[in-house]
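Following: one structure in structure tokens, then a few remarks.
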Amino acid sequence: MKELLHQANTHLAIYFSEAPGKPDSIAPPGSDKFLTIVSWIGWGATLGAIVALIIAGVRFGFQKSHGTASNEEAGKVAWTLVGCVLIAVSGSLVGALAG
């Protein structure tokens, strides 16, 4: 009985230690148009983030030079930078999560 339990334990350990194979990732037919639209959206988001960063920086610089800058304007620049970073890493993040 002890030998039978030992063999079963060994077989289960071997079975669970083998990693399952990774399936091939194949895009469905017609997905090239969808991926083109997603690329355009990403490009537009990057352009919008750059414009927003320029506008926030100019506003902050203008108010700083006039002595009326507040933490709110600095916060806008910081949050715009956070948005830029999120847009920049979103492609890699999705790729890592999707497999």
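The values are calculated or read from the model by the stated rules, or taken from the named source; none is laboratory data. None of these values were measured; they are calculated from a predicted model. Cβ coordinates were reconstructed from backbone atoms using ideal geometry, including for glycine residues, and neighbour counts include every protein chain displayed. Accessible surface areas use protein heavy atoms only, side chains included; no ligands, DNA or RNA. Shrake-Rupley method; radii C 1.70, N 1.55, O 1.52, S 1.80 Å.
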Those residues that are at pLDDT 80 or above and not in a helix (DSSP H, G or I), I need them from segment 59-69; list them, please.
66, 67, 68
Looking at segment 23-48, which of its residues are of a type in the set (S, T, N, Q) and either closer than 19 Å to residue 85 by Cβ or open to solvent by 100 Å² or more (accessible area, probe 1.4 Å) (or both)?
25, 46
